[in-house]
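Worksheet for the structure shown next.
Readers should treat all values here as calculations from the given coordinates under stated rules, not as data from a laboratory. Only a predicted model underlies this, so the values are computations on that prediction, with no experimental measurement involved. Cβ coordinates were reconstructed from backbone atoms using ideal geometry, including for glycine residues, and neighbour counts include every protein chain displayed.
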Amino acid sequence: MSIRCSVWALSLLTALATTPGCGDSDGDGTAGVDSFGGPDTSSADGGDSDGATDGDGGDDSGGDSGGDGDGDEDIEVCIPACVTASDCVMGPPDSAFDEDNYSCDDGACRYTGCISDAECDLANNGNLVCRAQNGLVPSCVSACTSDAECGNSADTSGPFGPDNYACDDGGCRFAGCNDDAECQTLGNYVCDTFGEIAYCALGCETLEDCVTVDAAAPYDANNYACERGRCTYTGCVSDRECADLGEYTCQ
């Protein structure tokens, strides 16, 4: 399940950029799921759970914000294939990732979002709530009463401090990076806008800066571009490419 989750999330993240991941493993004030519809298993390739878009062959999450319905606006991405919504399930019953949180549209899984705070708060500790933010489908985020409770209080110069978040309707919302200097604390990154929010995107001089030698077929050189000094995921090319990941379709 970890491969399925991370690759699916990657498809979105590389296309749109990431929403900081659930479980709040990096202390950024967001809950432990990717916005595209699975538990956050970020790290391997094109995006991290920290909200940065790596563009290096990799994973993590984006959101369902428009275009063809998979959150990538104008590009095709690899999505788990399905016959019914039950094929898309990634979480236990009554969670935000069981059958009632997915649809199977045209043979591809679509995450429709969490339905209630209760789905997000299975531990019943009040730490997670269900909110629709930044133009994405509803997702599980950290509960809050003020902006200061969101983000990583120790990240005073980077893109994941309290000044990069807002407490909206009792839920922490990533408000975006503020400038290139914040992103450069991560390495060769720049602050760029994807959809409604600015994220840290991997910088580049040539296409080779955007991919790794051992990248899977949907994330190699013909799936990226170096534009305006930053890596841009241009999408999968065919179902055959996506088959390199398993039972995936390019949509």
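When the Cα atoms of region 152-198 are aligned to their principal axes, the ranges along those axes come out at 34, 27, 11 Å in descending order. Ranked by the mean number of other Cβ atoms within 10 Å of their residues, highest first, the peptides 192-202, 225-235 come out as 192-202, 225-235.
Cβ under 9 Å from CYS226's Cβ, CYS226 left aside: what net charge do those residues give with Lys, Arg +1 and Asp, Glu -1? Taking every other residue near CYS226 into account, the sum is -2.
Stretched out fully, how many nm does the piece from ALA225 to ASP105 gain, at 0.36 nm a residue minus the Cα gap? Could the numbers behind the result be given before it?
Numbers: separation 120, 0.36 × 120 = 43.20 nm, distance 2.89 nm.
Taking 0.36 nm per residue and subtracting the Cα distance, the gain is 40.3 nm.
Show me 139-151, 208-220 ranked by packing, highest mean number of other Cβ atoms within 10 Å first.
Numbers: 139-151: 22.2, 208-220: 18.6.
Ranking the peptides 139-151, 208-220 by packing returns 139-151, 208-220.
Between VAL83 and THR112, the FRET efficiency from the beta-carbon distance, with R0 = 25 Å, is close to 0.90.
Size estimate for region 185-251 follows the Kirkwood approach: the inverse of mean 1/r over distinct Cα pairs works out to 13.0 Å.
Where does the charge balance sit around ASP117 when Lys and Arg score +1, Asp and Glu -1, over other residues with C-beta under 12 Å from its C-beta? Could the numbers behind the result be given before it?
On the way: positive: ARG131; negative: GLU119, ASP121, ASP169.
Net local charge, ASP117 excluded: -2.
Per residue and in Å³, how big is the convex hull formed by the alpha-carbon atoms of region 121-245?
Values: hull volume 18.9 nm³, N = 125.
Per-residue hull volume (Cα only) is 151 Å³.
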